[in-house]
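Report on the structure given below.
The values are calculated or read from the model by the stated rules, or taken from the named source; none is laboratory data. All values derive from a computational prediction rather than experimental measurement. Every residue, glycine as well, gets a Cβ built from its backbone with ideal geometry; the counts of neighbours run over all protein chains shown.
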């Protein structure tokens, strides 16, 4: 079906008069523009666009728009970008002026259009709200990258092993399992003419723990960042289903960026995603986001929440308290890793920290490998 | 083009046809949604609906199945769902019985093997059912809350959705004679892979507008007064501006409207709102939140400016 459709000369079938080729060209141009605006416009998608246009009344502007959009945009953010590009491109079309449309989609660092969604859609409220002392800059993260820390990998692997202790509902084959695996036994014994000679057994799979990592990257944490980055990368690799978000005055999920193959790509993407790196801190709002977004669904029993922060907060302590309470209901345990803990003269007196502490199950330091190793031992018991 | 698909194409031949067909099933489809359904039928592409929980994404698939008068095969995704169990399983009990029977009437081993690993002993799970479309009719396949499943499952699904075929090693490969009408839904608790999204027509579904929600209430709740329906729709709009953990969806609207009709309420006052809050809000924290803002304030259309953290 698809192949057949791809072979049909779509251009010729476009309805209307001689302006068809014109429309064809304009749509192509529009696709290119979307591509430069960051949408993943593949040739397959473009073929589908023309197939779709065959089915709609292109004179109906809204139908035309939706037919293009459902094929070209693949998320709510992309829908928004699409709408903007569409307006700019086809609006200019009406005046008969074919001057190339200029787009200002990439905000320069000091001239940001506030409605460019760089936070996930579950981030409610105006981002301006806490932009007070937000420092938006394209941090050169690579410059801060000190290379792999040998030993960290082993520690994190050990941690992953220790945390995976929940029996799952699923089974896997096991020589000394308790349960007889009928399916496999049946397959195996066919060759003996259906006499049951060998039994295959199975036991419960061990369910992997999902980590939800919320990492403070505000100015006060800056010194520790290289270590943080490595920790985030390591945890993301070690726990496949885990999710990572960074926050200062707003929250950005960076899970996908952390999954990149090369560290340099990861760093570049994290840097461009989290433009609030080294800004102020609003723990309460960050937690609220976290609770409503990443943690909204999924089983609390298999989730361990990890917060990496020094607890210096500019927000409302009452909100921190409320959201910590909500977080504790959405996770099996809450681990707060505080890099300052253990430094001489530190006591958790920062207001955000104080209001969060009652809900924290493990309050631990981590700023280098030995403390991380100790942390891992403790976490093994979570 | 297969005849069954032309059935889908006939029912969904134009945007207006989709809207009318949906309206007959008491579902109000706005134009973008209707257009997307039409395109999905014509281009034979799956639809991916994303949106908050409770905006009626699942309902779209159900209505499509009713309109096309086909079976709705539903695959509910969850954490840890594995690919195998969504295709098929063998009916072990029946197989063992067959073996016992064979013992009394000996037959060749190969014959027995072939017979107990045949269609008769196969328990088709959703994906196989959707592809085998017994009875020669395509089905409507609903893959619900795909964001809950693991990424491995997503990759597997991608394979199924590109070839519309699955393999049972003992029997062979099943290929769909008619492509099922596929609807995927996601609450967007995580981002789906780009490859999967590229296969689909994407549509974000928002909460209904005030007017649309009133119409939904009027259609779905028999015997409700227009004034009450209007008030409910307005209140829901206000309530959704409050930063609750679980924002009330359309299902909650309908629950609440039915409760109010049952209670013979003709106009919501602060006491009624507080007493019936359990229909709308499902978390204790959220109900407390409502109390702290004040039902009277909500009734006046004010969600409280400090509602957002």
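Cβ-Cβ distances below 8 Å connect the following pairs, each with a first residue in region A:51-68 that is more than 9 Å from chain B (Cβ to nearest Cβ) and modelled with pLDDT under 90, a second residue that is surrounded by fewer than 20 Cβ atoms within 10 Å (Cβ to Cβ) and not in a helix (DSSP H, G or I), and a separation of six or more residues or different chains: A:58/A:14; A:58/A:15; A:58/A:16; A:59/A:16.
Looking at region B:20-33, I want the residues that are within 14 Å of chain A (Cβ to nearest Cβ) and have a partner that is outside any helix (DSSP H, G or I) and buried (at least 21 other Cβ atoms within 10 Å of the Cβ) with Cβ atoms under 7 Å, at least 6 apart or on another chain. Which pairs are those? Note: pairs meeting the criteria are B:32/B:203; B:33/B:203. When residue B:63 is tested against (1) touching a strand residue (DSSP E or B) at 6+ places or on another chain (Cβ under 9 Å); (2) buried (at least 18 other Cβ atoms within 10 Å of the Cβ); (3) over 30 Å from residue A:172 (Cα atoms), exactly one condition is not met: (1). Of the strands (runs of 3 or more DSSP E) lying entirely inside region A:287-382, those containing at least 1 residues that are under 30 Å from residue B:54 (Cβ atoms) and either at pLDDT 75 or above or in contact with a helix residue (DSSP H, G or I) (Cβ under 6 Å, 6 or more places away or on another chain) (or both) span A:303-308, A:333-337. Within region B:156-184, the set of residues being part of a loop (DSSP other than H, G, I, E, B), touching a residue at least 60 places away in the same chain (Cβ under 8 Å) and crowded, with 17+ Cβ neighbours inside 10 Å comprises B:178, B:179, B:180. Would you tally the residues in region B:138-155 being at pLDDT below 90 and either surrounded by fewer than 16 Cβ atoms within 10 Å (Cβ to Cβ) or part of a helix (DSSP H, G or I) (or both)? Within region B:138-155, residues that are at pLDDT below 90 and either surrounded by fewer than 16 Cβ atoms within 10 Å (Cβ to Cβ) or part of a helix (DSSP H, G or I) (or both) number 7. Selection of first residues in region B:68-96 that are free of Cβ contacts under 8 Å to residues at least 24 places away in the same chain and on the phi < 0 side of the Ramachandran plot and of second residues that are loosely packed, with under 15 Cβ neighbours inside 10 Å and part of a loop (DSSP other than H, G, I, E, B), restricted to Cβ pairs under 7 Å at least 6 apart or on distinct chains, gives an empty result. For region A:42-78, filtering for residues that are surrounded by fewer than 21 Cβ atoms within 10 Å (Cβ to Cβ) and outside any helix (DSSP H, G or I) leaves 5.
Listed here are the helices (runs of 4 or more DSSP H) enclosed by region B:185-258 that have at least 2 residues being assigned by TED's automatic domain parsing to the domain that holds residue B:35 and crowded, with 18+ Cβ neighbours inside 10 Å: B:194-199.
Can you find a residue in region B:269-291 that is in contact (Cβ under 8 Å) with a residue 60 or more places away in the chain, over 25 Å from residue A:320 (Cβ atoms) and surrounded by 14 or more Cβ atoms within 10 Å (Cβ to Cβ)? Scanning region B:269-291, I find no residue that is in contact (Cβ under 8 Å) with a residue 60 or more places away in the chain, over 25 Å from residue A:320 (Cβ atoms) and surrounded by 14 or more Cβ atoms within 10 Å (Cβ to Cβ), so the answer is no.
Here residue B:76 clears all of (1) more than 10 Å from chain A (Cβ to nearest Cβ); (2) under 15 Å from the mean Cα position of the chain (by Cα); (3) more than 19 Å from residue B:196 (Cβ to Cβ); (4) surrounded by fewer than 19 Cβ atoms within 10 Å (Cβ to Cβ) except the condition numbered (3).
Quick check on residue A:202: is it in contact with a helix residue (DSSP H, G or I) (Cβ under 8 Å, 6 or more places away or on another chain), modelled with pLDDT of 75 or more and farther than 30 Å from residue A:352 by Cα?
For residue A:202, the condition - in contact with a helix residue (DSSP H, G or I) (Cβ under 8 Å, 6 or more places away or on another chain), modelled with pLDDT of 75 or more and farther than 30 Å from residue A:352 by Cα - is met.
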